[in-house]
1. Scan segment 148-184 for residues that are more than 23 Å from LYS94 (Cα to Cα), in a helix (DSSP H, G or I) and in contact with a helix residue (DSSP H, G or I) (Cβ under 7 Å, 6 or more places away or on another chain) and report the count.
2. Hey, can you tell me all the residues within segment 217-226 that are closer than 28 Å to VAL113 by Cβ, touching a Pro at 6+ places or on another chain (Cβ under 9 Å) and either in contact (Cβ under 8 Å) with a residue 40 or more places away in the chain or not in a loop (DSSP other than H, G, I, E, B) (or both)?
3. Filtering segment 36-61 down to residues that are farther than 20 Å from LEU111 by Cβ and polar (S, T, N, Q), which residue is nearest to the chain's Cα centre (by Cα)?
4. Please indicate, with yes or no, whether at least one residue in segment 164-173 is crowded, with 21+ Cβ neighbours inside 10 Å and touching a residue at least 24 places away in the same chain (Cβ under 8 Å).
5. Restricting to segment 45-56, name every residue that is part of a loop (DSSP other than H, G, I, E, B), surrounded by 14 or more Cβ atoms within 10 Å (Cβ to Cβ) and not hydroxyl-bearing (Ser, Thr, Tyr).
6. What residue, among those in segment 194-224 that are within 18 Å of the chain's Cα centre (by Cα) and more than 30 Å from LYS108 (Cβ to Cβ), is surrounded by the most Cβ atoms within 10 Å (Cβ to Cβ)?
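The values are calculated or read from the model by the stated rules, or taken from the named source; none is laboratory data. Here the structure is a predicted model, which is why all the values come from computation and not from measurement. Counting neighbours? That spans all protein chains shown, and the Cβs are built from the backbone with ideal geometry, glycine included.
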Amino acid sequence: MTKISILGCGWLGLPLAKRLIEKGNSINGSTTSENKLSILKEAGINPFLVALESESVSESINDFLAESEILIINIPPKLRTVNPNSEKKIFVEKIKNLIPFIEKSTVKKVLFVSSTSVYGDNNDSVTEETKPNPDTESGKQLVLAEKLLQENQNFKTTILRFGGLIGEDRHPVTSLSGKENLANADAPVNLIHQNDCISIIEEIIDQSKWNDVFNAVAPFHPTREDYYTQKAVEQNLILPKFSAGKSNSKKVILSAKIETVLDYQFKLENY
């Protein structure tokens with residue numbers, strides 16, 4: 001039995017924790033909401049109230065990390081809510097504050113859930129060898145956070161860069177339905193389903209693939225217009241309407257490394 005701490009038991013972290021428990025692991029899980037502690041406990045997770053701030057970390061962090069071999073960091077930057085005039089590197093500061101606690105703990109392996117937004121939109125075919133070139137503030141901070149963790153010699157870090165997240169209860173078409181003059185009609189989609197996210201994390205742990213970087217996007221890249229029109233029809237939603245202009249972005253995120261190194265097959269029926 002392996003003890004694993006999951007920092008961030010939300011949309012992805014909670015079902016991931018449940019899957020890892022099913023496989024015989026002991027899971028410490030964190031939330032920033034006190035009323036979610038009972039939900040974690042009912043799922044068989046050891047619940048902790050942990051908040052990372054730009055200047056401090058909750059006192060519970062030591063107990064949360066205690067006796068764990070693996071730490072999964074699954075907290076998004078959430079920079080859209082930040083005042084643009086406030087400190088820019090707030091997410092990076094949170095990771096900086098967390099690292100000394102990891103160093104003092106029993107954690108030897110870290111999996112950092114990142115995003116393909118680190119590549120920006122100036123590329124065509126993107127692999128793990130492509131140099132990150134983010135064009136959003138969240139992407140820039142993710143790159144800095146990745147580097148902080150990768151360069152630390154006290155633990156091994158694997159970076160997992162997910163594309164756009166979808167699932168049974170989460171799909172962009174619901175917010176696009178009925179909208180008009182949507183841009184980037186011919187841009188390819190780069191998506192990954194929640195089930196694949198969980199399975200890939202399982203494989204990284206089971207196969208002990210540490211000190212590595214993986215892109216995680218399904219090998220399925222229709223245009224935005226074709227894909228979201230089809231999904232709107234399937235879900236009986238009002239069709240989104242796209243503008244006729246050409247997109248500047250032809251970015252396709254390739255996940256061949258996951259398919260070869262992890263011998264992983266994406267569950268394309270989910271898409």
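1. Number of matching residues: 2.
2. THR223, ARG224
3. Filtering segment 36-61 for residues that are farther than 20 Å from LEU111 by Cβ and polar (S, T, N, Q), the one nearest to the chain's Cα centre (by Cα) comes out as SER54.
4. Yes; the residues of segment 164-173 include at least one that is crowded, with 21+ Cβ neighbours inside 10 Å and touching a residue at least 24 places away in the same chain (Cβ under 8 Å).
5. ILE45, VAL50, ALA51
6. Ranking the qualifying residues of segment 194-224, first place goes to ALA218.
This table checks each residue for (1) of a type in the set (Ser, Thr, Tyr); (2) under 25 Å from LEU12 (Cβ atoms).
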{"site": "SER199", "(1), (2)": "yes, yes"}
{"site": "LYS209", "(1), (2)": "no, yes"}
{"site": "VAL217", "(1), (2)": "no, yes"}
{"site": "GLN235", "(1), (2)": "no, yes"}
{"site": "LYS246", "(1), (2)": "no, no"}
{"site": "LYS251", "(1), (2)": "no, yes"}
{"site": "GLU259", "(1), (2)": "no, yes"}
{"site": "ASP263", "(1), (2)": "no, yes"}
{"site": "PHE266", "(1), (2)": "no, yes"}
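Listed here are the residues, each with its yes/no results for (1) within 29 Å of GLU129 (Cα to Cα); (2) in contact with a strand residue (DSSP E or B) (Cβ under 6 Å, 6 or more places away or on another chain).
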residue: LEU176; (1), (2): no, no
residue: ASN195; (1), (2): yes, no
residue: PHE214; (1), (2): yes, yes
residue: ARG224; (1), (2): yes, no
residue: LYS231; (1), (2): no, no
residue: LYS241; (1), (2): no, no
residue: ALA256; (1), (2): yes, no
residue: LEU262; (1), (2): yes, no
residue: GLU269; (1), (2): yes, no
